Amino acid sequence: MTFDTVVLMKKSKSAKRINSPVELSKEKDIKYGVVKDGFTENFFKSTRTDQFYRNMYAKMDKRQLPQTSEEGVRKVQNSDGKYAFMIDSTTADYWVNKKPCNLYSFRLGSALECHKYAFAVNKESSTLQSQLDDALEHLKSNGELERLKAKWWPHECSAAAAARAFGITQLNVLLVIVGTVIASRLM
């Protein structure tokens with residue numbers, strides 16, 4: 001399984017929506033961080049060739065880095081759009097789809113894309129490694145991994161969840177308005 005590194009931010013009416021790492025780096029009033037001693041911080045610490053990421057890392061307050069992903073998400077939630085958290089895309093997807101449905105994410109950039117999750121097995125256990133590889137490939141090819149994600153990942157922010165949250169009267173009013181707009185454009 002692979003993942004990208006993304007930036008997680010809070011939707012805010014008072015702050016401009018940021019959609020790229022370049023935009024984020026130019027914002028003077030938005031702080032950002034990563035999990036302390038995590039994969040993403042290690043990337044920022046060890047990058048030698050990309051000045052852009054070295055500059056971003058230099059702007060982070062190392063004393064204030066969250067210890068966990070949950071702590072980082074909490075900082076984003078409490079920031080009113082003034083804190084961005086860099087995290088793997090799978091974890092970000094989890095939080096974006098949880099209530100209160102006020103988070104969004106964007107890719108950090110090509111230098112941090114396509115990392116892999118892996119199981120660690122003893123080198124002498126080639127049979128176990130082969131069995132794990134086969135089982136995961138089977139689960140992936142028959143769609144079971146996607147079904148498991150759909151079962152266990154939150155969907156609190158999906159259109160279906162929004163429709164359930166709407167009363168039937170409000171939904172009917174919304175449909176009438178949308179229908180009226182479409183009909184007026186067709187005329």
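To keep it simple, each residue is scored yes or no on (1) crowded, with 19+ Cβ neighbours inside 10 Å; (2) assigned to a loop (DSSP other than H, G, I, E, B); (3) hydroxyl-bearing (S, T, Y).
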residue: M9; (1), (2), (3): yes, no, no
residue: S14; (1), (2), (3): no, yes, yes
residue: I18; (1), (2), (3): yes, yes, no
residue: E23; (1), (2), (3): no, no, no
residue: Y32; (1), (2), (3): yes, no, yes
residue: R63; (1), (2), (3): no, no, no
residue: E71; (1), (2), (3): no, no, no
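Take the conditions (1) under 23 Å from P154 (Cβ atoms); (2) at pLDDT below 90; (3) surrounded by fewer than 19 Cβ atoms within 10 Å (Cβ to Cβ); (4) not hydroxyl-bearing (S, T, Y); R48 misses just one of them, which is (1). May I ask you to verify whether D37 is of a type in the set (D, E) and at positive phi? In short, yes. Residues in region 23-39 that are farther than 18 Å from E71 by Cβ and either free of Cβ contacts under 8 Å to residues at least 24 places away in the same chain or not assigned by TED's automatic domain parsing to the domain that holds F106 (or both): E23, K26, E27, K28.
List the residue pairs whose Cβ atoms are under 6 Å apart, where the first residue sits in region 135-149 and is surrounded by 11 or more Cβ atoms within 10 Å (Cβ to Cβ), the second is at pLDDT below 80, and the two are 6 or more positions apart or on different chains. Final answer for the pair search is L139/L145.
The values are calculated or read from the model by the stated rules, or taken from the named source; none is laboratory data. Since the structure is predicted, the reported quantities are computational estimates derived from the model, not experimental observations. Here the Cβ is made from the backbone with ideal geometry for all residues, glycine too, and neighbour counts use every protein chain on show.
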